[in-house]
Amino acid sequence: MSTDGTLAIAKLIAVLSKIEGRKRLQKIVHLLGAHGHKEFNYRFVLHYYGPFSRRVALDLDFLNSAKLVKEEQRAEAYIYSATAEQAARITHFRGDDGQEPEWAGLATTFNELRIDFLEALSTYVFLYAAGHRGNKLKDFFRRIKSHLTSLFDEVAEFARTNSLLTAGTGT
């Protein structure tokens, strides 16, 4: 286990105050890594709901069992949060000064996106990083995410505008 990545996920939860759903958390971590934030350098595979990292899931389970983050199960999703005390412990373990990380604004933007858009965006970025371009990317996306094809052009523009296609590997 990489403590940098594990503590980065804890910091992400603390900075955002609340993340609704494991799928949302997975997509945010994937996109932050794709944007080039090295502390989110996880390996992702294409899964039913888009890019998925088993290591992110394991790190999240560890953080919850270590009581560094709070996990609540609600009918529709798991909710992840961190109390002020937990946030202070995370800051201490990370050895940072408690200031917002440079990725905080982008993470907030991702956290505010609709979950279907976030899934489509993360999938698009993953496919791009895997070498798919142009019509090949569009055809593959439509084949695996037929229920999200109406979002294709919008996520492609969002990915370009927010530098998600050049900085990191995304996989």
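The values are calculated or read from the model by the stated rules, or taken from the named source; none is laboratory data. For clarity, every value in this text was computed on a predicted model and none was experimentally measured. Glycine gets a Cβ as well: all are built from the backbone with ideal geometry, and neighbour counts include every protein chain shown. The accessibility values were calculated without ligands, DNA or RNA, using every heavy atom of the protein model including side chains. Shrake-Rupley method; radii C 1.70, N 1.55, O 1.52, S 1.80 Å.
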Legend entry - Per residue accessible area of segment 72-149, 1.4 Å probe, in Å²: 56 Å²
Legend entry - Percentage relative contact order, segment 44-100, counting C-alpha pairs under 8 Å, at least six apart: 18 percent
Legend entry - C-alpha long axis of helix 54-65 to longest principal axis of the chain, angle in °: 20 degrees
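Could you work out how much longer the chain between residue 72 and residue 18 gets when fully extended? Use 0.36 nm per residue separation minus the Cα distance between them, nm to one decimal.
Working: separation 54, 0.36 × 54 = 19.44 nm, distance 1.06 nm.
That pair, residue 72 and residue 18, stretches by 18.4 nm at full extension.
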Legend entry - Dimensions (Å) - segment 78-132, Cα atoms, principal axes, largest first: 42, 25, 18
Inset, instruction - Rounded to the nearest 500, what is the 222 nm mean residue ellipticity of the chain from helices alone, with -39500 (n - 2.57) per DSSP H run of 4+ residues and division by all residues? - result: -17000 deg cm²/dmol
Inset, instruction - Find the relative contact order for segment 19-170 and round it to a whole percent, using C-alpha pairs within less than 8 Å whose residues are 6+ positions apart. - result: 32 percent
Legend entry - Shape of segment 1-57, Cα gyration tensor, a/c cut at 1.5: oblate
Inset, instruction - State, in angstrom, two size descriptors of segment 5-126 derived from its alpha carbons: Rg to one decimal place and Dmax to the nearest whole number. - result: 13.3, 38
Legend entry - Apportionment of accessible area to carbon and sulfur, the chain, percent (1.4 Å): 47 percent
Inset, instruction - Tell me the label-point distance for the pair residue 150, residue 79, using the 7 Å Cα-to-Cβ offset, in nm and rounded to one decimal. - result: 2.9 nm
Inset, instruction - Please label the shape of segment 55-110 as rounded, prolate or oblate, based on the square roots a ≥ b ≥ c of the eigenvalues of the alpha-carbon gyration tensor (a/c under 1.5 means rounded; beyond that, a/b larger than b/c means prolate, else oblate). - result: oblate
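Between residue 88 and residue 112, what length comes free when the chain is fully extended (0.36 nm per residue of separation minus the Cα-Cα distance, one decimal in nm)? Kindly include the intermediate steps, with their values, before the conclusion.
On the way: separation 24, 0.36 × 24 = 8.64 nm, distance 2.43 nm.
Extending this stretch completely gives an extra 6.2 nm.
Using only alpha carbon pairs under 8 Å that are at least six residues apart, calculate the relative contact order of segment 1-44 and give it in whole percent. Don't skip to the answer; put the middle values down first.
Values: 20 pairs, mean separation 19.4, N = 44.
Worked out over segment 1-44, it gives 44 percent.
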Inset, instruction - Apply the Karplus parameterisation 6.51 cos²θ - 1.76 cosθ + 1.60, with θ equal to phi minus 60°, to every residue of segment 109-116 and state each ³J(HN,Hα) to the nearest whole Hz, in sequence, with x for glycine and proline. - result: 4, 4, 5, 8, 6, 4, 5, 5
Inset, instruction - Calculate how steeply helix 152-161 sits against the longest principal axis of the alpha-carbon atoms of the chain, using the helix alpha-carbon long axis, and give the answer as 0 to 90 degrees to the nearest 10. - result: 60 degrees
Legend entry - Rounded Å value of the spacing that divides the Cα centres of segment 101-171 and segment 55-94: 26 Å
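Explain nothing, just the number: dipole magnitude of segment 1-137 about its Cα centre with +1 on each Lys and Arg Cβ and -1 on each Asp and Glu Cβ, in debye rounded to the nearest 20. Walk me through the numbers before you get to the answer.
Numbers: 18 positive and 16 negative charges, 99 e Å.
Dipole size: approximately 480 debye.
Using a ≥ b ≥ c from the Cα gyration tensor of segment 27-94 (square roots of the eigenvalues), is it rounded, prolate or oblate, where a/c under 1.5 gives rounded and otherwise the larger of a/b and b/c decides, a/b for prolate? Before the final figure, lay out the partial values.
Working: a/c = 2.20, a/b = 1.28, b/c = 1.71.
Judged from the Cα gyration tensor, segment 27-94 comes out oblate (a/c at least 1.5, b/c at or above a/b).
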Legend entry - Lysine pairs in the chain with Cα atoms under 20 Å, if 8 or more residues apart or on separate chains: 15
